[in-house]
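Enquirer: Take this structure first; my questions come after.
The values are calculated or read from the model by the stated rules, or taken from the named source; none is laboratory data. What you are looking at is a predicted structure, and each value in this text was computed from that prediction instead of being measured. Virtual Cβ from ideal backbone geometry, glycine too; neighbours counted across all protein chains shown.
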Amino acid sequence: MSIDLAEDRKLIAAAQQSPAAFGFVFARYYGPIFRYFALRSGDPRDAEDLAMEVFAEALAALPRYRWQGRPLLAWLFGIARHCNLTSARKRAVRARTGDAEAGSDRSWADNGASEACVEARRLLGRLDAATAEALVMRFAMDCSFEEIAAVQGGTISAAKMRVYRAVAKARRAFGVEDEG
């Protein structure tokens, strides 16, 4: 995915003029947001619901949006982080109260995912949020280090270091030897 600030600015301006134009924002960024949730939640159906929630919140917030020269994806990821935290809190409350839906664990394992996918999702859960996000952006969304830095508001070096450390941790978790 390539981030084009000029295109993002045009998309936002058009959507603020006509909410129907928000469909172009949705079309461009639904995939990355869905993949973010799919890897974080472990349930494709939850990922779809959460991605739709992000775009519903973004559409509602559109009149208040002010261009700050940052990628539109950064704004959407901010909303996604909030939705992810809210969803995690709700799942934790349901689990503590014994809600049957919380215990259903409609995970990827239940949907036929490989053991490696399930373990990768567990690994993501053990990383801090920024590192897990950088890893997902790099490998699931095919973002460059420049794009990761732009979305996370950091430097390219910091993005590279986050990804490098996460990959090293994954290699250890999966028992893969470091190459010479």
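Enquirer: I need every pair where a residue in region 120-144 that is under 14 Å from K169 (Cβ atoms) and of a type outside the set (S, T, N, Q) has its Cβ under 8 Å from the Cβ of a residue that is at pLDDT 80 or above and surrounded by fewer than 17 Cβ atoms within 10 Å (Cβ to Cβ), sequence separation at least 6 or different chains.
Expert: Short answer, once both residue conditions are applied: L123/K169; R126/K169; L127/K169; L135/V167.
Enquirer: Look through region 137-162, keep the residues that are of a type in the set (V, I, T) and buried (at least 19 other Cβ atoms within 10 Å of the Cβ), and return whichever of them is nearest to L73 (Cα to Cα). Reasoning before the result, please.
Expert: First pass over region 137-162, keeping only residues of a type in the set (V, I, T): 148, 151, 155-156.
Next cut, buried (at least 19 other Cβ atoms within 10 Å of the Cβ) only: 148, 151.
Details: I148: 10, V151: 6 Å.
Filtering region 137-162 for residues that are of a type in the set (V, I, T) and buried (at least 19 other Cβ atoms within 10 Å of the Cβ), the one nearest to L73 (Cα to Cα) comes out as V151.
Enquirer: Answer with yes or no whether D128 is more than 25 Å from F24 (Cβ to Cβ), at pLDDT 75 or above, of a type in the set (D, E) and loosely packed, with under 15 Cβ neighbours inside 10 Å. Don't jump to the end; show me each part of the working.
Expert: Working: more than 25 Å from F24 (Cβ to Cβ): yes; at pLDDT 75 or above: yes; of a type in the set (D, E): yes; loosely packed, with under 15 Cβ neighbours inside 10 Å: yes.
In short, yes.
Enquirer: Would you pick out the residues in region 35-44 that are closer than 19 Å to A74 by Cα and surrounded by fewer than 20 Cβ atoms within 10 Å (Cβ to Cβ)? Walk me through how you get there before you give the answer.
Expert: Of the residues in region 35-44, the ones closer than 19 Å to A74 by Cα are 35-40.
Answer for region 35-44, where residues must be closer than 19 Å to A74 by Cα and surrounded by fewer than 20 Cβ atoms within 10 Å (Cβ to Cβ): just R35.
Enquirer: While we're here: Given the options A47, A27, A13, name the one that is in a helix (DSSP H, G or I), surrounded by 14 or more Cβ atoms within 10 Å (Cβ to Cβ) and not charged (D, E, K, R).
Expert: Details: A27 fails: surrounded by 14 or more Cβ atoms within 10 Å (Cβ to Cβ); A13 fails: surrounded by 14 or more Cβ atoms within 10 Å (Cβ to Cβ).
Of the residues listed, the single one that is in a helix (DSSP H, G or I), surrounded by 14 or more Cβ atoms within 10 Å (Cβ to Cβ) and not charged (D, E, K, R) is A47.
Enquirer: Give just the number: which of (1) loosely packed, with under 11 Cβ neighbours inside 10 Å; (2) at pLDDT 70 or above does E179 not satisfy?
Expert: (2)
Results for (1) in contact with a helix residue (DSSP H, G or I) (Cβ under 6 Å, 6 or more places away or on another chain); (2) acidic (D, E); (3) at pLDDT below 85, shown as yes or no for each residue.
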residue	(1), (2), (3)
K10	no, no, no
Y29	yes, no, no
G42	yes, no, yes
R64	no, no, no
L76	yes, no, no
R91	yes, no, yes
D99	no, yes, yes
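Enquirer: Search region 62-89 for residues that are farther than 16 Å from M52 by Cβ and pair each with any residue that is among the aliphatic types (A, V, I, L, M) when their beta-carbon atoms are under 6 Å apart and the residues are at least 6 apart or on different chains.
Expert: Cβ pairs passing all conditions: P71/I3; P71/A150; P71/V151; L73/V151; A74/V151.
Enquirer: Also: Based on what the data block shows, is A60 out of contact with any strand residue (DSSP E or B) (no Cβ under 9 Å at 6 or more places or on another chain) and surrounded by 14 or more Cβ atoms within 10 Å (Cβ to Cβ)?
Expert: Values: out of contact with any strand residue (DSSP E or B) (no Cβ under 9 Å at 6 or more places or on another chain): yes; surrounded by 14 or more Cβ atoms within 10 Å (Cβ to Cβ): no.
Considered against the rule, which asks whether it is out of contact with any strand residue (DSSP E or B) (no Cβ under 9 Å at 6 or more places or on another chain) and surrounded by 14 or more Cβ atoms within 10 Å (Cβ to Cβ), A60 comes out as no.
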